[in-house]
Amino acid sequence: MENLNFPPGFRWGVSTSAFQIEGAVTEDGRGPSIWDTFTATPGKIANGEHARTAADHYHRYREDVALMARLGVDAYRFSFAWPRIQPTGKGAPEPRGIGFYDRLLDEICAAGIDPVATLYHWDTPQALEDAGGWLARDTAERFGEYAEILGTHFADRVKMWIPLNEPMVMSIFGYAIGEYAPGQTLLLGAIPTAHHQHLAHGLAVRALRAAGAKSVGTANNHSPIWPATDSAADVEGARRLDALLNRLYADPVLLGSYPEEFHEHLPAGFADDLPVIAQPLDFYGVNYYEPQGAAGPGEGNPLPFELRPVEGYPLTTNDSPIVPDAFRELLLQLKERYGDRLPPIHITENGCSFADEVTPDGRVTDVARIDFLREHLRAVRTAMDAGVDVRGYFVWSLLDNFEWSKGYAPRFGLVHVDYETQVRTPKDSYFWFRELIAADDHR
């Protein structure tokens, strides 16, 4: 087994999210979320699939923690389901929801694994969406109260806190183009949802620290943006897309400012919130999957760019181009752009989907995933050698899961899940990753 020579103390982990694995969506007082509503809407999810059972983690969490313990990871990044804690997004917590996460955290800690908790992975309580969702400033205030509840109950065990996962995805996919819940198509009119998520982040950081949280960061999805050609129009289109997908989400939390081209789309008085948003962070989470291509807008396009495919690279079954060196490029770009304002980085998600099947002898021979992980880890190590301070790496994902609008076809897990029987089968990549962690001798 090769040794990629990560430094002592480097944190190895896996990531999941509540809605994608838990199931049990109507059990123990859990309220409906926007994703429950979205999946129940005909035509929104591939093959009419839903997450009412998903990977049944709610009932099988002990089995899943045992898989992590065998894997040898230091840390497990999971998310709380907001509707399980506050069924309507406000008010007193549901004791049965608190009880589930008490049991889960105790199990994780007993296995010698550090819990890394995300407060929000896109599962807004439906009642809050009905009252305006992330278009309403009030949702940020409610989120601060939710964070206080979680900090009060769980700060004694959670080692790292992430208030929101990928606010860009909620804004763009959920409110701008409607591919994800809640399914709105506001285009640039969705930008206020970015600001309200940032405000929620800042309020949550304050609440968590007040409750005793020791390490608080964030998890933003980032992609290097490549112009389709060297023309001035395409270069400018790529710059605009970079501002929308990357800088709109990193600049406020790291610099306390927004890209100027979006000021006209932000809520009135947005600058007054920036000191709350730009709370000092203990780490900066980076989720990376692929680069994005861009060009200048064609006639009649209401956006200042057009998307272009990144061609010439192999694709995952999620249609993502596999470009490990773009990961190195991204990390160096973040270091150059934010300098000493950039906290130590944790790679909070990186992974790939393939059409994994269990062979008759009970194996899942996912060689392509092993190659993907190896080359992306080499890219991280190269960036570290160039001066980027990366402290940890979390594979997405521990388990195959419900992959949002694409349903169950994309399989991202180190562990195969048979959704009919709920049998878990560790893939070859699981054993490869286990050997890598052991060989790296980071402890």
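Leaving out ligands, DNA and RNA, what percent of the accessible area of the chain is carbon and sulfur, probe 1.4 Å? Heavy-atom surface of the chain belonging to carbon and sulfur, 1.4 Å probe: 50 percent.
Taking amide H positions as modeled 1.01 Å from N, with prolines and chain starts lacking one, the residues under 5 Å from N287 and 5 or more places away or on another chain are N220, N221, H222, T348, E349. Full extension of the chain between F431 and Y419 gives 2.2 nm of extra length, using 0.36 nm per residue less the Cα-Cα distance. The distance linking segment 257-292 with segment 104-132 is 22 Å (Cα centroid to Cα centroid, whole angstrom). Close amide-amide hydrogen proximity is noted between R11 and G392, Y393, each under 5 Å apart and 5 or more residues distant or on a separate chain (H modeled in the peptide plane; Pro and chain starts excluded). Zone of Y313 (label point 7 Å along Cα→Cβ, backbone N under 18 Å): which residues in segment 267-307? What the label zone holds, given the 18 Å backbone N cut-off, is 286-295, 307. Efficiency by 1/(1 + (r/R0)^6): what FRET value for R378 and D138, r their Cβ-Cβ distance, R0 = 35 Å, to the nearest 0.05? Approximately 0.15, to the nearest 0.05. The mean sequence separation of alpha-carbon pairs under 8 Å and at least six residues apart, normalised by the residue count of the chain, gives a relative contact order of 18 percent.
Sort out the exposed loop GluC sites (Glu not before Pro) in the chain (DSSP loop, at most 13 other Cβ within 10 Å) and tell me the longest stretch that has none. Result for the longest clean stretch: 3-298. So which DSSP H runs in the chain come out at 24 Å plus along the axis (Cα) with average Kyte-Doolittle of at least 0.5? Length and hydropathy pass: none found.
Straight-line cross-link reach from K90 at under 16 Å between alpha-carbon atoms covers these aspartates and glutamates, not counting any fewer than eight positions away in the same chain: D123, E129, D130, D138, E141, E145, E148.
For segment 75-172, the ratio of Cα radius of gyration to the globular rule of thumb 2.2 N^0.38 Å stands at 1.07. At full extension, D130 and D28 could sit 34.5 nm farther apart than now, given 0.36 nm per residue minus the alpha carbon distance. Set the Förster distance to 41 Å, then compute FRET efficiency between D385 and K214 from the Cβ-Cβ distance, nearest 0.05. Rounded to the nearest 0.05, the efficiency is 0.90.
Helical runs (DSSP H, four residues minimum) scored at -39500 (n - 2.57) apiece and divided by the length of the chain put the mean residue ellipticity at 222 nm at -11000 deg cm²/dmol. Excluding ligands, DNA and RNA, the accessible surface per residue across the chain is 36 Å² with a 1.4 Å probe. Modelled label positions at E63 and S231, each set 7 Å beyond Cα in the direction of Cβ, lie 5.5 nm from each other.
The values are calculated or read from the model by the stated rules, or taken from the named source; none is laboratory data. Quick caveat, the model's predicted, so the values are computed rather than measured. A quick note on method: Cβ atoms are made from the backbone with ideal geometry, for glycine too, and the neighbour counts reach across all protein chains shown. These accessible areas exclude ligands, DNA and RNA; they are computed on the full protein's heavy atoms, side chains included. Shrake-Rupley method; radii C 1.70, N 1.55, O 1.52, S 1.80 Å.
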